[in-house]
Amino acid sequence: MPEERPGPDDLALDSRAEGFGERLLGSLLDRAHTMPPQLIAPLIAQEVARIGGRDVTVLLQDYDQMTLVALPGEKLVVGGDQPIDDSLAGLAFQTDEIVERPWGDVVRLYVPLLDGTDRIGVLVFTLDRVDEHHRRLVRRLAGLVADMIVTKNMYTDRFFQARRRKPMSLSAEMQWQLLPPLMMTTPQVAVAGALEPAYDVAGDSFDYALNDDTLHLCMIDAMGHGLSAAVMSTVAIGAYRHARRADVELSELYAAMDSAVADQFGPERFATAQMAALDVMSGRLRWVNAGHPPPLLLRAGRIVAELDSPTTLPVGFGGDTPIVTERMLLRGDRVLFYTDGLVEERLQGGIEFGDTRMREVLERVEVHGVKLQESVRRMSRLLMVERGGATTDDSTLLMVEWAGAPAHELATPADPPELPPG
């Protein structure tokens, strides 16, 4: 028998009650626990249909952060790619807000898929009408869908394959598997990163972790290109995580990475590195520099300082104990860490792209005051365009914003909603 869809009268009566939302999301969660990955697509379409939705498309972010690509699957509409910078789906992705487009007597909804604050993609479907009750429900539905995709992604290749628009090198595959989420946001602090070239990156990588009141950051640029650089970067990041989880100081993190790289690759190989720790309560930033350009401090859309510090040798060379430098940040300050591939690229005629051009691009993006993750995405893409659309070396951006707002109220449950009469 054909599947029954709720009619307008049923929707008007039921979907406004909190009980309907609980049943809808609860059913999705219960069924998703043991659902094989290939059945996630029809499950999403079925749940959207329960609120009267149809023509469902799930769009995932491509690795280059320029395009949203459709996830194939039963009962999903699979269309063409959607550019993030010039589409309604892209607008929802950039702003983390629902976008509605009336089309005749119906409404097309573009709902951001957020796993926490990490942007996964966009859920798109059509409803006959939209009110605040629908908006509340579809936000929660999209959040649960994003969580499902991230969880199932851990034991299937299908979501990886859907996101790729061209072949990826083995070294890039290793680096993407190594990375944490590209972004994280809390009331206290936000962090976002980008890697180029997305499909062929080798020696560049970054890592971060928020442990209680300290945000730990690390950036690596391993010597060489291709697989050997990716292997060295993997060892360096692994040594960093191993030492960080033992709660050691920044100087000891450097020593652990230095020893691991030297032991595995000998005296002729090295990786430049930068490690930092930000106290998210006070705004105190501490860092050590082992061969990277100095970070840039941005305030109100402008670069206000280079965070100069004494440097030590890259990891693998057995350098002296690094000197830890400190800086107190103001609320709203952003700090950009980057690798030298960003400025050393040669343009036509052999001219180096250079620090001045890079700073101009950064301020051009920052002046718009967009969210941190969107700022980093735009910086990465605009820098690539300014360098002629290609790069001969890896380049990495890692930016942190200190907001300093309290977060404890998030652990306090909200008042339960009032039950509808009757």
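Numbers for the structure displayed
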| item | result |
| --- | --- |
| Extension gain from VAL370 to ASP320, taking 0.36 nm per residue of separation minus the Cα-Cα distance | 14.0 nm |
| Sum of -39500 (n - 2.57) over DSSP H runs of 4+, divided by residues of the chain (222 nm, nearest 500) | -10500 deg cm²/dmol |
| Selection from ALA146, MET174, PRO406, by position along the positive dipole direction of the chain (Cβ) | ALA146 |
| VAL189 long-range amide H proximity, modeled H, under 5 Å | ALA403, GLY404 |
| Cα-based helix-to-principal-axis angle, 250-265 vs the chain, degrees rounded to 10 | 80 degrees |
| Helix 354-366 vs. the chain, principal-axis angle (Cα, 0 to 90°, nearest 10) | 30 degrees |
| Charge tally in the Cβ shell below 14 Å around PHE93, where Lys, Arg are +1 and Asp, Glu are -1, PHE93 excluded | -4 |
| Relative contact order computed over region 169-402 (Cα-Cα under 8 Å; 6+ residues apart), in percent | 23 percent |
| Partners for LYS371 among aspartates and glutamates (Cα-Cα distance below 17 Å; same-chain residues under 8 apart left out) | ASP85, ASP96, GLU97, ASP115, ASP118, ASP333, GLU363, GLU401 |
| Low-density loop positions, trypsin sites (Lys or Arg not before Pro), region 223-323 - DSSP coil, at most 14 other Cβ in 10 Å | ARG245 |
| Acute angle (nearest 10 degrees) that the helix 18-32 long axis makes with the longest principal axis of the chain, alpha-carbon atoms | 60 degrees |
| Rounded D (µm²/s) - region 8-161, Kirkwood Rh over Cα pairs, Stokes-Einstein at 10 °C, 1.306 mPa s | 102 µm²/s |
| Mean separation of Cα contacts under 8 Å, 6 or more apart, over the residue count of the chain: relative contact order % | 13 percent |
| In nm, spacing of pseudo-spin labels at TYR155 and GLU22 (7 Å Cα→C-beta vector) | 3.0 nm |
| DSSP-assigned coil residues among trypsin sites (Lys or Arg not before Pro) in region 48-138, each with at most 13 further Cβ atoms within 10 Å | ARG129 |
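Rule-based calculations on the coordinates, nothing more; no lab input. This is a predicted model, so every value here is computed, not measured. Neighbour counts are summed over all protein chains in view; Cβ atoms, including those assigned to glycine, are modelled from backbone coordinates with ideal geometry.
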